[in-house]
1. For the stretch 223-265 and the stretch 85-163, what is the separation of their C-alpha centers, rounded to whole Å?
2. Can you tell me the order of 122-129, 71-78 when each peptide is scored by its average per-residue count of other Cβ atoms within 10 angstrom, highest first?
3. If I take all pairs of Cα atoms in the stretch 63-115, what percentage of them are more than 12 Å from each other?
4. Sort 321-327, 287-293, 149-155 by packing, meaning the average of other beta carbons within 10 Å per residue, with the highest value first.
5. Hey, can you find the accessible area per residue of the stretch 233-337 for me, probe 1.4 Å, expressed in square angstrom?
Amino acid sequence: MCSTDRTSVQRRNVKGDKEVIREGKNADGCQRRSRVEGKRVSSETLQFAAIIGAMAVISYVTMPATLTARVPTVGHVWYYGWLAALSTGLGALPLLFFSKPSDFWLGASNAIAAGMMLSASYSLVTEGVALDPDGASLLGYEISHVARVIAGVVLGMVFVRYTKSYVEGYEDLRLGDITGLEAAKICLIVSVMTLHSFAEGLGIGVSFCGKGGAHLGAFISASLAVHNVPEGLAVALVLVPRGVPKFQTFAMAICSSLPQPLIAVPVYLFVEQFIVWEPVGLGFAAGAMFWVACFELISDAIKEMSIPMCSFSLSCSFAGMMAISAWIDVVTAHPEG
């Protein structure tokens, strides 16, 4: 064999060896990624099991001796608020079984969540305006529920606007693997949903007071529990498409409703001091959710889908939530006397 042929064979052998080495490195890399992914899934499963275990323990330990009583106690107020908060996690459960969505589904998720939030904002405003007169006055002038709701809406929108500017100033903000503006947006949305739960907790606390408070409080808590399911879905629709781990999304959905039992207890104990602020609280939550729906979720949705499709998704979501709300009002209607 001539020297040229031997050189060609040697080059082919060297090339073959490099390809074998490269394939071996790729295989090792795949194995390492598989092991890391397996550990991550295992860790998330353990976290989910821990969350479920903690909720079960709290539910068992704080459960009153009897779930119904002629005169409700602090334990009853806490427990019904706690069950209402837990129901938020049910809304997030369906998204635990979906993989990362496409850009179109991301836009649709934002539009659907926006419709849910706008519906909730409308319901909060109408609820605040329809509250029974409480005789509140300032400098001798009576302050109507309408005025207090409007003041709350304005304060809620201003609060979210400046909170957004403050959070976005931290460019190194990190939420798991998510950083920057996306992490800031997630924190903002979860914060708004949590603020909204303060108003609902106030409603639970007030409903347990007065004549027939045990029955009315149970009805209101059941109503909010059903309301919380689609609200949990709204939270999940915002978090999962942005890369938040699924089990972490489940936990954050429930945490966004924890103010309900936490605020319901002090409101029940000091109702006279809190009841004047209920219209302001409802308006504040409505204004905050309205701002997020319009200036965050809808603006993100139209980046991923056409305006007509975005409008259709938002309208269907809004109408669906309003229908659910109307059905709940009928089913949980508490007759006078």
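The values are calculated or read from the model by the stated rules, or taken from the named source; none is laboratory data. Worth saying up front: this structure is predicted, and the values here are computed from it rather than measured. Cβ coordinates were reconstructed from backbone atoms using ideal geometry, including for glycine residues, and neighbour counts include every protein chain displayed. These area figures cover heavy atoms from the full protein model, side chains too; ligands, DNA and RNA do not enter into them. Shrake-Rupley method; radii C 1.70, N 1.55, O 1.52, S 1.80 Å.
1. If we compute the Cα centre of each part, the gap is 13 Å.
2. Details: 122-129: 20.1, 71-78: 18.0.
Those peptides, ordered most packed to least, come out 122-129, 71-78.
3. Values: 1027 of 1378 pairs.
So the portion of pairs separated by more than 12 Å is 75 percent.
4. On the way: 321-327: 15.3, 287-293: 26.9, 149-155: 19.9.
Highest to lowest by the protection proxy: 287-293, 149-155, 321-327.
5. Numbers: 4650 Å² over 105 residues.
Per-residue value: 44 Å².
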